[in-house]
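All of the numbers you see were taken from the coordinates with simple rules; none came from a lab. Computed from a predicted structure; not experimentally measured. A quick note on method: Cβ atoms are made from the backbone with ideal geometry, for glycine too, and the neighbour counts reach across all protein chains shown.
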Amino acid sequence: MSETPARCRLYLITPPAIEHPALFAEELRAALDGGDVAVLQLRLKDVPDDSIARVADVLRPVCQQRGVAFLMNDRPDLALRLDCDGVHVGQEDVPYADARRLLGPDRIVGVTCKASRHLAMEAAEAGADYVAFGAFFPSSTKEVTTPAPVEILAWWSAIMMVPSVAIGGITVENCRPLVEAGTDFLAVANGVWGYPEGPREAVRRFNAVFDACARQR
């Protein structure tokens, strides 16, 4: 993820709870059958480490077999122990420098920057593999504390090579302005897993938007 893609790509985030990992793995396979997906982030809150490990051990092979980066949310220690491809850290989590020190130079470390240009610049200069901006829309999976303007994506795309990830309430129906603004990845959770026609169709439709926007560039 260190190089800016010419075309926007999907960055999937798991639902906040996964009670049956094997069943969710089937949903994940269906989603990946729908088209290009760059990343899956395992994001389970208030869950014991051994439960996270059980889910990771089921989902990681699915991702690796499809060439999808498998990232851990918040926990670089678990990312290392569970052989993930990297970690995503928020502003209230482990500092970027500590995550990088633990994971080394070859794994992905991405950083939440909310709506802050300053935080994004700091993260990029420190060596983050991507910066995440948001939330752009109300989210069903996370309380929005800092709404982000679409303009921040265009500003970042114009001046920086470090990829940006747009996050927060993104759906097939509302994503186009974010893609047109130049974001490199769309981070989506319920917009795929809760899509009325299923995850596979959601991924297909997101990719159709990406293709249409790429043709216009």
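Only one of the values (i) 42, 41, 30; (ii) 70, 58, 26; (iii) 83, 35, 32 was calculated from this structure for Cα extents along the principal axes in Å; name its label. The value computed from this structure is option (i). Legend: Rg and Dmax of segment 53-182, from Cα coordinates, 15.0, 41 Å. What residue among ALA187, LEU32, SER157 has its Cα farthest toward the positive end of the dipole of segment 9-216, where the charges are +1 on Lys, Arg and -1 on Asp, Glu, each on the Cβ? Result: SER157. With 0.36 nm allotted per residue and the present C-alpha distance subtracted, the ALA53-ALA115 stretch has 19.2 nm of extension available.
Starting from 0 in steps of 5 Å, tell me what percent of the Cα-Cα pairs of segment 29-79 lands in each bin. Pairs per bin, as whole percents: 4, 19, 32, 21, 14, 8, 1. Find the centroid of the Cα atoms in segment 152-217 and in segment 80-99, then give the distance between the two in whole Å. Each part reduced to its Cα centre gives a spacing of 24 Å. Think of segment 41-155 as having a plus end and a minus end, set by charges on the Cβ of Lys, Arg, Asp and Glu; of VAL87, ALA124, GLN41, GLN41 sits farthest toward the positive end of this dipole.
Over all directions, the average projected area of the alpha-carbon convex hull for segment 121-179 comes to how many nm²? Walk me through the numbers on the way to the answer.
Working: hull surface 17.5 nm².
Average of the hull's projected areas for segment 121-179 equals 4.4 nm².
Given +1 at the Cβ of Lys and Arg, -1 at the Cβ of Asp and Glu and no other charges, the dipole of the chain around its Cα centre is 440 debye to the nearest 20.
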